[in-house]
Structure formats: structure tokens, C-alpha cells
Amino acid sequence: MTVTLVFLAVMMALFGGWLFSHSINVRPWEAQVTGRSRLQMPAGVTASRVGLGVFLAVATSLFALTISAYLMRQEMGHDWRPLAVPGLLWWNSVCLVFGSVALQSAWKAARRDDAGRLRLGLLVGGGFTIAFILGQALAWWQLQARGIYLSANPANAFFFLLTALHVLHLLGGLFAWSRSLLRLQRGATPRNMLPSIELCALYWHFLLVVWGILFALLLTT
């Protein structure tokens, strides 16, 4: 339970710091009033950023609860047999790091209105992410080939659950990534795409941090 609380505290501190950094210079009492007396939202607090913050908070809670269940089940009985983590996961982790770096590069290119580097960053980031997902699938297949099945041992079941849950979140990110790439192919300017690229990059960074925690957990337990 302590690990869960620490995980929640760290992730929520990251989200809070990010939102605060985008609104630190905003004075809500100076909000402008339009012709119909509608208050404008502070410039740094957009609906998309708030939506992403809420979603990441929910995702953090989901991962934290799953990790807590993993640790509690590990201590419950003698039937827990630690799983030897496939070596392929190290290479997969490198792919996810490169994917996150590429999305950060795409975000920087969008701020500089550089369509060429933006396209390259999106393609490289998506490519490495797809390589990570395929690598995870290959690792699952290797375990199955060695006779390590989900139902044979609680540790096996949690390994598949944790890694599959992470992959599902990445697939959701790839959906948003594909929409951004399609908009760029249809002629959208990098400036107009900056909000969506920003959210993609932040989401990739979040999933990279989550994977680092999950991988360390699997390696040490």
C-alpha cells in the first residue's frame, strides 16, 4: 500500500506541476469579457489540457491499484512463483524511450512551425511505439512457447495483466497520433497542430514513466 501511495503522489505531483507551469502567469481575476459577457478561460488552462490531466489522473489510479493488487497477491501465499522477465523487454524499453524522445522532438518542431521535422518526429515516434508493442507481443509468445501460461501461476497472470494494460493505453495513444499525422498530411500547419502534438508528447512521456515503474517492479519481484 505504501508503494501505491508513493506512486500516486509522484504522478499527481508531476501532473500538478505541469498544469501549474502552464498557468503560473495567469490572473483569473483579469479574465476578459466578450460581447455576450462570457468569461474566457485563462490562456494556459485549455479544455484539452484539463481533459488530459483528468484522464492521466484516472490512468494513474488504475495502474496504482493494479500494482497494489500485485504486491498484496504476492504476499498472500506459497503459490507465487516469480517469473523470469524476458530479456526482450530491455530492447522494448529502449524503443519506448526513443519513441518518447521523437514525440518531444515533434512537439519542439510544432512550436517552431517546422513541418518537415514535425512529420519526421511523428513518424519516428509512432514507428518506435509500434515496435515496442510488437516486441511485447513477441515476449508474450516466447513465454507461451516456454510453457509459461497465464493460468499456471499468479505471477504469470499479473505479468500479462500489467503489460497488456500498458499496451492498451499505448494503442489509445496511437489512435490520437494517427489523427495528428493525418491532419498534417492534409495540409494542417504545425502551429494549428501544436495543441494535439503537445498532448501526444505528454501522454507518451507519462506512459514511459509508467513503463519504467512497471518494468522495475517486475525485475525486482
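The values are calculated or read from the model by the stated rules, or taken from the named source; none is laboratory data. Remember, it's a predicted structure, so these values are computed and weren't measured experimentally. With ideal geometry, Cβ positions are generated from the backbone for all residues, glycine too; neighbour counts draw on all protein chains shown.
A few comments on the model shown:
- Whenever a residue of segment 209-221 is modelled with pLDDT under 95, its partners that are in a loop (DSSP other than H, G, I, E, B), lying with C-beta atoms within less than 6 angstrom and at least six residues away or across chains, give the pairs Leu218/Val85; Leu219/Val85.
- Scope segment 176-211; condition farther than 17 Å from Arg111 by Cα, basic (Lys, Arg) and in a helix (DSSP H, G or I); matching residues: Arg179
- Members of segment 107-160 found to be under 30 Å from Leu184 (Cα atoms) and part of a loop (DSSP other than H, G, I, E, B), listed by number: Arg112, Asp113, Asp114
- Of all residues in segment 149-187 being within 17 Å of the chain's Cα centre (by Cα) and aromatic (Phe, Trp, Tyr), the one that is surrounded by the fewest Cβ atoms within 10 Å (Cβ to Cβ): Phe175
Residue-by-condition table, conditions (1) surrounded by 12 or more Cβ atoms within 10 Å (Cβ to Cβ); (2) modelled with pLDDT under 75; (3) assigned to a helix (DSSP H, G or I); (4) not aliphatic (A, V, I, L, M):
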site: Ser37; (1), (2), (3), (4): no, yes, no, yes
site: Val54; (1), (2), (3), (4): no, no, yes, no
site: Ala57; (1), (2), (3), (4): yes, no, yes, no
site: Val94; (1), (2), (3), (4): yes, no, yes, no
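- Of residues in segment 124-141 being of a type in the set (A, V, I, L, M, F, W, C) and buried (at least 17 other Cβ atoms within 10 Å of the Cβ), the one farthest from Asn92 (Cα to Cα): Val124
- Scanning segment 138-177 for residues that are of a type in the set (S, T, N, Q) and touching a residue at least 60 places away in the same chain (Cβ under 8 Å) turns up Asn153, Asn156.
- Every residue from segment 79-108 that is under 21 Å from the mean Cα position of the chain (by Cα) and without any contact (Cβ under 8 Å) to a residue 60 or more places away in the chain: Leu88, Trp90, Trp91, Asn92, Val94, Cys95, Phe98, Val101, Ala102, Ser105, Lys108
- Test: residue in segment 197-215 that is more than 18 Å from Thr60 (Cα to Cα) and surrounded by 15 or more Cβ atoms within 10 Å (Cβ to Cβ): yes
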